[in-house]
Amino acid sequence: MKKTISLMLALLLAVTAAVPAFSAAADDSFGAYEHVFIIGVDGAGAAFEKVDSPNFDRIFADNAYIHNAKTEYITTSAQNWGSILLGVDYETHAMTNDSTEKNPRTSADEYHSIFYYARKAMPDATLVSINHWPNINYGIIENDINVKKINRFTDTLVVDEIIHNITVGKVPELMFVQLDSVDHAAHTYGGFSDEYYAAVAEMDVYLGKIYDAIDSKGLMKNSLFIVVADHGETTNGHGGQTVEESSAVLAVAGKTVNKGLINENAHNRDVSAIALYALGIEQPDVFISSVPEGLFGQAREKTVAENPISTQDKLLDMLLFPFIRGFNLIMPAFSWIYDAYYRAGIFAVFK
């Protein structure tokens, strides 16, 4: 009997001793990175999968990516860049292209960007945001938290600034950049045009230059490199809920990133949770984003209590979103039939 009790106690002690070790292993990615670089490609959607992209392929071959992460339901820039940077859905932050142009954002606003949380956690950190679309620096990222903000009118100049800020002076702990020429090509020539896909291929060249600048300084051993799109495109622009518009690339490279596809339930707004997790900053309770399951070894995001908006979002994913997508897919057919009948004069009898 005594031997049995002694054996049970020994097993209990062994299990108890193993718990902290397991917890440490599960937390090995939290705060494991000194730098996070987020490369936003406006309008790219899932298009990296459709073009020859040797740089994307080599960067993420041994890391993690998905080409169809979910976007916000309104597939426009402010709604999605706002969600990507604030970690909440667009119904919560309520940003639009118009509001981000007219209303400067400050730390007094109700919801905050990842730069705000990074500044609170790291008062002396170098925080940099370099964008082609100026609305991000003016109306999405706070203007009173000492973020170095740079706006440039071409993607070539944006890339030059990115590389300069990586290779000269103190390397930023957090950098966000937005490249815009893919979206511009879609608005000018259409989302499925040769010019659109050529712009995506050019983005792949830029990704290679940016990544190589980071790696050449030996920074990738302690850096997380993220590529994300705000939305995709159609022949007639974006803003709706078609598959093409509402799919977005999300790719993550770093020393503790698991190789393989990112969980299919991922949203592009999960970038906010990923970035803070990598820097060792606790996820704010207001977040409606999370670190995708299995992205970092055994690591998981901080547990966040469900809130009504998050629950609503999941219900929409399961119920409403497939219906909306189906509706958008069949509407062009009805439109074509109506046009054909109208041209034939069939509807004239109803006048």
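The values are calculated or read from the model by the stated rules, or taken from the named source; none is laboratory data. These numbers were taken from a predicted model, which means no experiment stands behind them. Don't worry about glycine lacking a Cβ; one is built from the backbone with ideal geometry, like all the others, and counts go over all protein chains shown.
Structure data summary
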item: Yes/no for Ser107 being in contact with a strand residue (DSSP E or B) (Cβ under 8 Å, 6 or more places away or on another chain), of a type in the set (Ser, Thr, Tyr) and surrounded by 14 or more Cβ atoms within 10 Å (Cβ to Cβ); result: no
item: Verdict on Thr188 being assigned by TED's automatic domain parsing to the domain that holds Ile84, part of a helix (DSSP H, G or I) and modelled with pLDDT under 95; result: yes
item: Leading residue by the ranking (nearest to Glu264 (Cα to Cα)) among those in the stretch 62-103 that are surrounded by fewer than 24 Cβ atoms within 10 Å (Cβ to Cβ) and small (Gly, Ala, Ser); result: Ala64
item: Matching entry among Gly232, Gly294, Gly239 (being buried (at least 17 other Cβ atoms within 10 Å of the Cβ), assigned to a loop (DSSP other than H, G, I, E, B) and assigned by TED's automatic domain parsing to the domain that holds Ala125); result: Gly232
item: The stretch 87-116, residues that are free of Cβ contacts under 8 Å to residues at least 24 places away in the same chain, in contact with a Gly (Cβ under 7 Å, 6 or more places away or on another chain) and more than 23 Å from Met175 (Cβ to Cβ); result: Tyr90
item: Output for the stretch 274-286, where each listed residue is under 13 Å from Ser113 (Cβ atoms) and crowded, with 24+ Cβ neighbours inside 10 Å; result: Ala275, Leu276
item: Residue in the stretch 279-289 that is in contact with a helix residue (DSSP H, G or I) (Cβ under 7 Å, 6 or more places away or on another chain), of a type outside the set (Gly, Ala, Ser), more than 20 Å from Trp133 (Cα to Cα) and part of a helix (DSSP H, G or I) present; result: yes
item: Unmet requirement for Asp285, which otherwise passes all of (1) within 18 Å of Phe37 (Cα to Cα); (2) of a type outside the set (Ser, Thr, Tyr); (3) modelled with pLDDT under 95; result: (1)
item: Long-range neighbours under 8 Å by Cβ, at least six apart or interchain, first residue under 17 Å from Ala121 (Cβ atoms) within the stretch 134-160, second assigned to a helix (DSSP H, G or I) and of a type in the set (A, V, I, L, M, F, W, C); result: Ile141/Leu85; Ile141/Phe115; Glu142/Phe115; Ile145/Phe115; Val147/Phe115
item: Single condition Ala94 does not satisfy, out of (1) modelled with pLDDT of 95 or more; (2) over 23 Å from His184 (Cα atoms); result: (1)
item: From the options Ala253, Ala248, residue that is more than 16 Å from Ala185 (Cα to Cα) and surrounded by fewer than 24 Cβ atoms within 10 Å (Cβ to Cβ); result: Ala253
item: In the stretch 175-193, the residues that are of a type in the set (D, E, K, R) and buried (at least 24 other Cβ atoms within 10 Å of the Cβ); result: Asp183
item: Residues being within 23 Å of Glu49 (Cα to Cα) and of a type outside the set (Ser, Thr, Tyr) - total across the stretch 246-284; result: 23
item: Single match in Thr126, Thr154 (criterion: touching a Pro at 6+ places or on another chain (Cβ under 6 Å), modelled with pLDDT of 95 or more and farther than 16 Å from Trp81 by Cα); result: Thr126
item: Count of the stretch 191-217 residues which are outside any helix (DSSP H, G or I) and touching a strand residue (DSSP E or B) at 6+ places or on another chain (Cβ under 8 Å); result: 2
